[in-house]
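The values are calculated or read from the model by the stated rules, or taken from the named source; none is laboratory data. Note that the structure is a prediction, hence the values are computed from the model and not measured. Here the Cβ is made from the backbone with ideal geometry for all residues, glycine too, and neighbour counts use every protein chain on show.
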Amino acid sequence: MTQDYGQPGAPVRMPREMNGLAIASFVVSLVGLCGPLGILGLIFGYVAKGQIKARDNAGSGLATAGIVLGWISLIGLIAIVLALILGGWASWEDWKDENYN
């Protein structure tokens, strides 16, 4: 007894493998928001995008989200550093000396 499975040679679409660096990019960028870890997420996102294109993996949306969050993190980190350089550090030291000494 045989069973009919449709036309012989019909293509079967297998689910694509999720790219691990895309997941890592999103998670690291989310955890490192406005911190130095966001830069690592940005790098992971760009590497994941290249791998996804070359290997036909899934996860392009996660890689894009990781890249966007990484750029937001980088801009936030630069803003924090600039705020500290442009006068925030001296004010912080004065406030700390007044309240804790």
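I want to confirm something. Restricting to segment 1-28 and keeping residues that are at pLDDT 70 or above and surrounded by fewer than 10 Cβ atoms within 10 Å (Cβ to Cβ), which single residue is farthest from residue 73 (Cα to Cα)?
Of segment 1-28, the ones at pLDDT 70 or above are 11-28.
In the following step, the residues that additionally are surrounded by fewer than 10 Cβ atoms within 10 Å (Cβ to Cβ) were identified as 11-15.
Values: 11: 43, 12: 42, 13: 38, 14: 36, 15: 33 Å.
Among them, the one singled out is 11.
In the list 37, 74, 42, which residue meets the criterion of being within 19 Å of residue 19 (Cβ to Cβ), in contact with a helix residue (DSSP H, G or I) (Cβ under 8 Å, 6 or more places away or on another chain), of a type outside the set (Lys, Arg) and at pLDDT 85 or above? If you could, list the steps in order and put the result at the bottom.
On the way: 37 fails: within 19 Å of residue 19 (Cβ to Cβ); 74 fails: within 19 Å of residue 19 (Cβ to Cβ).
None of the other options fit; the residue is 42.
For the subset of segment 32-77 comprising residues that are at negative phi and not in a helix (DSSP H, G or I), which member is surrounded by the most Cβ atoms within 10 Å (Cβ to Cβ)? Break it down stepwise before answering.
Let us first name the residues in segment 32-77 that are at negative phi, namely 32-33, 35-55, 57-58, 60-77.
When the remaining residues are screened for being not in a helix (DSSP H, G or I), the result is 32-33, 35-36, 57-58.
Values: 32: 20, 33: 15, 35: 14, 36: 10, 57: 18, 58: 14.
So, considering only residues that are at negative phi and not in a helix (DSSP H, G or I), the one surrounded by the most Cβ atoms within 10 Å (Cβ to Cβ) is 32.
Please enumerate the residues belonging to segment 29-48 that are more than 9 Å from residue 67 (Cα to Cα) and in contact (Cβ under 8 Å) with a residue 40 or more places away in the chain.
32, 33, 34, 35, 36
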